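Inspection log for the structure reproduced underneath, given as structure tokens.
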Amino acid sequence: MAVCHDYFGPVIEILDNLDVLAQPFLDLRTLTLAGVHYGSNAADSIDRERIEQVTLSPIVHTQKSGDGITPEYYDAGGQRITLDEVVGSVIDAGGMLHIAGNISYKIAGGTVVGFALYGAERGPLAYFSSLRSHEEFLTEFGTPDSVERNEAYGELLGLHNYYWGSKKQAYWDSWDERLSSVNLGDYDGNHGPRQTP
């Protein structure tokens, strides 16, 4: 197991220890994802050369992206914006930075405040491909603090499983019967019951 130490205790690289995702209680300050430490300064810790796509940038009005094409970003006036400008806007203000391997980092105020892993067939979550039912998932991950159903037209699409002790959401895809995403940190619903206005 690849572990080093810092002020908060042993630091665990998630990609080297994917079982850590199943733990019901995690200290996020002790985690790294693809070498990026949770809570670190995004400008110092994320290699811009590794960034393949950006979402939720404050300066992007529209974007073109998809499988096999290089993403393009445009401002509110329709002018094309470079990837470097878009990345800079996320690091300064907030948004999501995506790297190869189905990995994303959520940034707020220049700090890495969230990790996301996705893609059940490719990428890190293929590690959990032996789980073939929500019941098997619960045996591995434990009972969540909250479960929200994702439905469309009366059909169950999946289940959002929230583990507040880890600030974690694990999404179970009910159609394909597999774990399709896990996020940790400052994402909606990860801190406790949702507040109604």
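The values are calculated or read from the model by the stated rules, or taken from the named source; none is laboratory data. Given the structure is predicted, the values throughout are model-derived calculations rather than measurements. All Cβ positions, even for glycine, are placed from backbone atoms using ideal geometry, and neighbour counts span all protein chains on display. Side chains included, ligands, DNA and RNA excluded: accessible areas come from the protein's heavy atoms. Shrake-Rupley method; radii C 1.70, N 1.55, O 1.52, S 1.80 Å.
Summary table
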| item | result |
| --- | --- |
| Computed accessible area, Glu151, all protein chains, 1.4 angstrom probe, square angstrom | 100 Å² |
| From the coordinates shown, Cα Rg over 2.2 N^0.38 Å corresponds to which of [x] 1.06; [y] 0.99; [z] 1.19 | [x] |
| Ile81 accessible area, assembled protein chains, probe 1.4 Å, Å² | 20 Å² |
| Long-range amide H partners of Ala34 with built H, under 5 Å | Ile14, Leu15 |
| Karplus 3J(HN,Hα) series, Hz, for region 47-63 with 6.51 cos²θ - 1.76 cosθ + 1.60 (x for Gly, Pro) | 6, 4, 5, 8, 6, 9, 7, 10, 10, 6, 6, x, 9, 8, 8, 9, 8 |
| Label-to-label distance, nm, for residues given as Ser130 and Leu18 (7 Å Cα→Cβ offset) | 1.1 nm |
| Interchain or long-range residues, amide H under 5 Å from Val11's placed H | Cys4, His5, Asp6 |
| Beta bridge orientation in the chain: antiparallel %, DSSP, nearest 5 | 95 percent |
| Helix-only mean residue ellipticity at 222 nm for the chain, each DSSP H run of n ≥ 4 adding -39500 (n - 2.57), per residue, nearest 500 | -3000 deg cm²/dmol |
| Euclidean distance between Cα centres, region 149-169 to region 95-148, Å | 12 Å |
| Spin-label pair Ala100/Asp145, simplified geometry with 7 Å Cα→Cβ offset, distance in nm | 3.7 nm |
| Degrees separating the helix 83-92 axis from the principal Cα axis of the chain, which is the longest one | 60 degrees |
| Table column - 3J(HN,Hα) (Hz), region 112-127, Karplus curve with 6.51, -1.76, 1.60, x for Gly and Pro | 6, 10, x, 10, 9, 10, 8, x, 6, 8, 10, x, x, 6, 4, 4 |
